[in-house]
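Report on one structure; see the data block that follows.
The values are calculated or read from the model by the stated rules, or taken from the named source; none is laboratory data. Keep in mind that what you see is a predicted model, and the values were worked out from it rather than measured. Cβ placement follows ideal geometry from the backbone for every residue including glycine, while neighbour counts extend to all protein chains displayed.
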Amino acid sequence: MSRIGKQPVALPDGVTATISGQTLEVKGPKATKSFTATDDVTLTLEDGQITVTPRGKSKRARQQWGMTRTVVANLVHGSNAMFKKELEIRGVGYRAQLQGNVIKLNLGLSHDVDFQIPDGVTVTAPKPTELIVEGTDKQLVGQVAANIRDWRPPEPYKGKGIRYKDEYIFQKEGKKK
């Protein structure tokens, strides 16, 4: 039994949902999102709550049950509020600048990295060493933050690189003579 799948998703004030077949459409103040569930689960809308139930006892139906409930919860949250990932840049001379729809990253490479920001995501740089990635799609926000981090992941000796705000990097000890 899926512990996550059992829980219904409550619709907050200002968010409406409609179900037609296997397609769920969620409208909120921030965005309108839709999701098509697989045939292994059933979506129902009752009393301002969306419930997901498996259609059988197969392994695939049980897998889709929890995953579909999580996707529905993310749709509801994203239509009402923004998802946010905060990145921190550490290192001498490492910095980021916003130039329109492009982030210019100076990361100690032989060249500057120009990162194109995709549609549906907004990136702000309150400081040259901080980036905030926001959007209504949780998967897209996380993927953009991961793509930016991939240019210079934090290294374990000095901790230089791009890291998530609350990420802990285990520091290794250097060579000894």
task: Mind listing whichever residues of segment 1-56 are among the charged types (D, E, K, R), closer than 15 Å to Ser79 by Cβ and without any contact (Cβ under 8 Å) to a residue 24 or more places away in the chain?
output: Asp13, Glu25
message: Go through (1) closer than 30 Å to Asp166 by Cα; (2) touching a Pro at 6+ places or on another chain (Cβ under 9 Å) for Ala31 and report which single condition fails.
response: (2)
message: Among the residues of segment 110-157, what is the count of those that are without any contact (Cβ under 8 Å) to a residue 24 or more places away in the chain and either of a type in the set (Val, Ile, Thr) or in a loop (DSSP other than H, G, I, E, B) (or both)?
response: 14
message: Given the criteria on the phi > 0 side of the Ramachandran plot and in the same structural domain as Glu130 (by TED's automatic domain parsing), does Gly21 qualify?
response: no
query: In the list Asp137, Asp166, which residue meets the criterion of being surrounded by 11 or more Cβ atoms within 10 Å (Cβ to Cβ), of a type in the set (Asp, Glu) and modelled with pLDDT under 95?
result: Asp137
- request: Take segment 80-103 and flag every residue that is among the charged types (D, E, K, R) and over 22 Å from the mean Cα position of the chain (by Cα).
  value: Arg90, Arg95
- request: Could you list all residues from segment 158-177 that are of a type outside the set (Val, Ile, Thr) and not in a loop (DSSP other than H, G, I, E, B)?
  value: Gly161, Arg163, Tyr164
field: Residues located in segment 126-160, provided they are among the small types (Gly, Ala, Ser) and either closer than 26 Å to Ser79 by Cβ or outside the structural domain of Ile89 (by TED's automatic domain parsing) (or both)
entry: Gly135, Gly142, Ala145, Ala146
- request: Would you check if there is a residue in segment 52-61 being farther than 15 Å from Leu140 by Cα, under 23 Å from the mean Cα position of the chain (by Cα) and modelled with pLDDT of 90 or more?
  value: yes
- prompt: Considering segment 27-49 alone, what residues qualify as being of a type in the set (A, V, I, L, M) and out of contact with any Phe, Trp or Tyr (no Cβ under 8 Å at 6 or more places or on another chain)?
  reply: Ala31, Ala37, Leu43, Leu45
task: Collect the residues in segment 4-39 that are assigned to a loop (DSSP other than H, G, I, E, B), aliphatic (A, V, I, L, M) and touching a Lys or Arg at 6+ places or on another chain (Cβ under 9 Å), keeping them in residue-number order.
output: Val15
